[in-house]
Amino acid sequence: MDSQPQPRRDVICGLTFAALGALALVLAGAHRFGTLARIGPGFFPSLLGGLLVALGLVIAARGALAGLRAGWGEKVDWVPLALLAGLLIGAAILGGLGIEPRQALFQAAIAAMGVAYAAGRRVLALILGPIALFAMALESAGLVVASLGLLGVSALAARDFRRSEIGPLAILVTAFAWGLFAWGLGLPIPVWPKLG
Amino acid sequence: MELLSNLALGFGEALGPLNLLYCLIGALLGTLIGVLPGIGPVATIAMLLPITFSLTPLAALIMLAGIYYGAQYGGSTTAILVNLPGESSSVVTALDGYRMARQGKAGTALAVAALGSFLAGCVGTLAIAAFAAPLAELAFRFGPAEYFSLMVLGLVGAVVLAAGSLLKAFAMMALGLLLSTIGLDANTGEERFAFGIAELTDGIGFIVVAVGVFGLAEILGNLQRTEPPRSAPDRVAGLWPSAADLRAALPAMLRGTGLGAVLGVLPGGGALLASFASYTVEKKIARDPSRFGQGAIEGVAGPEAANNAGAQTSFIPLLVLGLPSNAVMAMMIGAMTIHAIQPGPQVMTANPALFWGLIASMWIGNLMLVVLNLPLIGLWVKLLTVPYRLLYPAILLFCCIGVFALGNNGFDILMAMVFGLVGIVFLGLGCELAPMLLGFVLGPMMETNLRRTLLLAQGDASVFVTRPISAALLAAALVLLLTVLLPAWRRTRADAFRPD
């Protein structure tokens, strides 16, 4: 529900969709397309990829026309889009270098959040970064360590954070989470670090 | 009468002490998150899913359903008292409700909102009970062609009713469908787009996607906004509306209920759309539209009834067809799957105690809310003074644990984080996220039914329009699409012809 048309943003949005659709078309090309009577695994994704390319190009073209006619509107925040693209491309490159794919995605995610922090996106980096770390640490370091880390770092993202509150907050919430999920509900979550 | 015996069965189930307790917990939790801005039903359900593992399926669904309609009650309380809608469906309530509160009629506004919600809750529950059986009857006659067409209608509805650009909503839906094809192909067992990651061969869980694009992206959005100061309101007095107030409010409540009940069933509908539509209608038919925005009681009664009716009836497509009409209903599918219940018309016949028990519990929950809520208003308002900086780290942690518990796999949390970034990116590009999630949820069913239909028809795609039910569903989708396209087309034309 925008109050003003933002042609510049629409062009970028459309091109993003078109690029994603093209990627899908390429990836789906590796699978059998089949016939109408016997649709192969490549059929549905190819169809959707084509649809996404078409829609993206229409969105971009309409944006471009509007922009030429009435000005381009506000500047677009490139950073999140660049971070996402960097994360995915980075993971693909790391995977190509022979790193285990899960690890590749994790390392790319952490790197992207590091870049986000360096680029001045504190909130984004301080929320999503610790979540990525939590994801990878939970199974080896256990719930207590992982959640102390997640709570302690993510609490810094608030504009009005108070240093004195963070310690007690992290400890209390961790204790609560341990009590409820691991002890109370008996979920199979590792609680303490795996040794050796 | 069958309806009565069904409802009797349902109440027998829902009135069991444990189910009653979980109904209360769900309704109270719903109110709580409705009061608190910055946490919605999607994230709450994700946090609570691990808790439901140990419950019976009925108790789990009762509690999760309570969260959704409870949130409608809670959201209006803060909208009226402090002009801070806790849920998006209460945004319009704040327009006139807060004005009424400023004029010293906070009690009246709250009471009218609660009574409107309750009235709508009763009607909504009855509507589910009355329409579910015939609809399920119809659904049993559905073949793959009908299911495919139904999903087309569902997706078109979700796209058409999404706010903002229609084209972008379409593209988001296509993106959601594409993402759903990740993993093993159900027909051939071929691995698609998994990039050698074992976890991706099972596909991405949609709770992972929902937590990412709604839960995490929502928290990020809240932290980046400057928070409006939260002033504690004065004491609330005079809860009972006068006879004149009631006379003015009652017709609006009834209109809101009807409108909400219809809009709730529509794909993409639910509480949010219902409340906006009701406010527009009340303003249109009012003798003096200028009163709206200045504390018109109809502007509170109508939308509040509508959002609750919409919240109730959005369960109809979920329970009867297995088709979620919004993100919260998609989460409910997730909950049902965890408890090994396949949503669809067979639930009612295979598991009548569950089906009718859930419906009966919704009425009981609405009653609890209206009884409990008014006395507890002071407590809810006090909760608003808890600063967000103390809440969101815990919300983050519980969301992560909820996602982990789905498959005891840390990789799911990493995927949720990636989808959080995806959510931020597309919000920044002016796209709605709900169509993507619905596309993602419906994708596998859609592909399977498309392939099955064409296999049975030996490649003849005309079956979609020669089978009557399928043709009717596709026609409905087309009509829906045309109705939004036409005014937009006219507006564009008008803009083009306007002299500069």
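The values are calculated or read from the model by the stated rules, or taken from the named source; none is laboratory data. Quantities reported herein were computed from a predicted structural model and do not represent experimental measurements. Ideal geometry is used to build each Cβ from the backbone, glycine not excepted, and the neighbour counts take in all protein chains shown. For accessibility, only protein heavy atoms count, side chains too; no ligands or nucleic acids. Shrake-Rupley method; radii C 1.70, N 1.55, O 1.52, S 1.80 Å.
Shape class for segment B:352-412: oblate, because the ratio a/c of the largest to smallest gyration tensor axis (alpha-carbon atoms, square roots of eigenvalues) is 1.5 or more and b/c is at least a/b. Note on A:L68 and B:S242: their simple-model spin labels are 6.4 nm apart, each label 7 Å out from Cα toward Cβ.
Sequence-ordered 3J(HN,Hα) estimates for segment B:368-385 from the Karplus curve with 6.51, -1.76 and 1.60 and θ = phi - 60° stand at 4, 5, 6, 6, 7, 5, 4, x, 8, 3, x, 5, 4, 5, 5, 4, 4, 7 Hz, glycine and proline given as x.
Taking trypsin sites (Lys or Arg not before Pro) that fall in a DSSP loop and have at most 11 other Cβ atoms within 10 Å as cut points, what is the longest piece of chain B between them?
B:288-500
Which whole number gives the average, over all residues in A:8-17, of C-beta atoms from other chains lying within 10 Å of the residue C-beta?
Working: counts 0, 3, 5, 0, 3, 10, 4, 0, 6, 10.
Across the residues of A:8-17, the mean count of other-chain Cβ atoms within 10 Å is 4.
Multiplying the residue separation of A:R159 and A:R122 by 0.36 nm and subtracting their alpha-carbon distance yields 12.3 nm. I'd like the Karplus ³J(HN,Hα) series for segment B:433-441: coefficients 6.51, -1.76, 1.60, θ = phi - 60°, whole numbers in Hz, and an x wherever there's a Gly or Pro. Rounded to whole hertz, the list is 8, 4, x, 5, 5, 5, x, 5, 5. Principal axis analysis of the Cα atoms in segment B:1-49 yields extents of 45, 21, 19 Å, listed in decreasing size.
Within segment A:1-76, the percentage of alpha carbon pairs spaced more than 21 angstrom apart rounds to 40%.
Extension gain for the segment A:L172 to A:W192, taken as residue separation times 0.36 nm less the Cα-Cα distance, is 5.5 nm to one decimal. For the pair segment B:276-319 and segment B:1-74, the centres of their Cα atoms are 24 angstrom apart. Compared with the dominant Cα axis of chain B, that is its longest principal axis, helix B:166-180 is turned about 50°. Multiplying each eigenvalue of the alpha-carbon gyration tensor of chain A by 5 and taking the square root yields semi-axes of 40, 27, 15 Å, largest first, rounded to whole angstroms.
How much of the accessible area of segment A:1-133, probe 1.4 Å, is carbon plus sulfur, in whole percent? Please list the in-between numbers first.
Values: 4640 of 6710 Å².
So the carbon and sulfur contribution to the accessible surface is 69 percent.
Look at the alpha carbon pairs under 8 Å that are at least 6 residues apart: their mean separation over the length of chain B gives a relative contact order of 28 percent. I'd like the orientation of helix B:91-102 relative to chain B: the angle between its Cα long axis and the longest Cα principal axis, in ° from 0 to 90, rounded to 10. For B:91-102 against chain B, the angle is about 10 degrees. Taking 23 Å as the straight-line reach from the Cα of A:K75, the lysines in range (excluding those fewer than 8 positions away in the same chain) are B:K168.
Roughly speaking, what is the stretch gain from B:D288 to B:A186, that is 0.36 nm per residue apart minus the C-alpha to C-alpha distance, in nm to one decimal? Working shown, then result.
Working: separation 102, 0.36 × 102 = 36.72 nm, distance 5.87 nm.
Additional length available on full extension: 30.9 nm.
Applied to segment B:455-470, the Karplus parametrisation 6.51 cos²θ - 1.76 cosθ + 1.60 on θ = phi - 60° returns per-residue 3J(HN,Hα) values of 5, 5, 8, 6, x, 8, 6, 5, 4, 5, 9, 8, 7, x, 5, 4 Hz, with x for Gly and Pro.
Over all directions, the average projected area of the alpha-carbon convex hull for segment A:91-196 comes to how many nm²? Show your work: numbers first, answer last.
Values: hull surface 33.2 nm².
That works out to 8.3 nm², a quarter of the Cα hull's surface.
Once you reduce segment A:158-183 and segment B:321-392 to the center of their Cα atoms, the two points are 27 Å from each other.
Helix-only arithmetic for the protein assembly as shown: the sum of -39500 (n - 2.57) across DSSP H runs with n ≥ 4, divided by the residue total, places the mean residue ellipticity at 222 nm at -24500 deg cm²/dmol. Using Cα-only point scatterers and the Debye equation, what is log10 of I(q)/I(0) for segment B:1-125 at each q in 0.14, 0.22 Å⁻¹, rounded to two decimals? Values, matching the q order: -0.66, -1.16.
Placing +1 on each Lys and Arg Cβ and -1 on each Asp and Glu Cβ, with no other charges, gives chain B a dipole about its Cα centre of roughly 1320 debye. The mean number of partner chain beta-carbon atoms within 10 angstrom of a residue's beta-carbon across peptide B:211-224 is 3. Taking trypsin sites (Lys or Arg not before Pro) across segment A:1-97, the ones in a DSSP loop with at most 16 further Cβ atoms lying within 10 angstrom of their Cβ are A:R32, A:R38, A:K75. Over chain B, the hull volume per residue, using the convex hull of the C-alpha atoms, is 169 Å³.
For segment B:419-489, what does the alpha-carbon gyration tensor say about shape, rounded, prolate or oblate, given a ≥ b ≥ c as the root eigenvalues, a/c under 1.5 as rounded, and a/b over b/c as prolate? Could you put the intermediate results ahead of the total?
On the way: a/c = 3.77, a/b = 1.49, b/c = 2.53.
Because a/c hits 1.5 or more and a/b fails to exceed b/c, segment B:419-489 counts as oblate.
Buried accessible surface for the B/A chain pair comes to about 6500 Å², total over both chains, computed with a 1.4 Å probe. For chain B, the longest principal axis of the C-alpha atoms and the axis of helix B:327-338 are separated by about 60°. For B:R192, the residues 5 or more places off, or on other chains, whose built amide H falls under 5 Å of its own are B:G183, B:L184, B:D185. For q = 0.06 Å⁻¹, what log10 I(q)/I(0) does the protein assembly as shown give under the Debye formula with an equal point scatterer on each alpha carbon and no solvent? Evaluating at q = 0.06 Å⁻¹ gives log10 I(q)/I(0) of -0.34.
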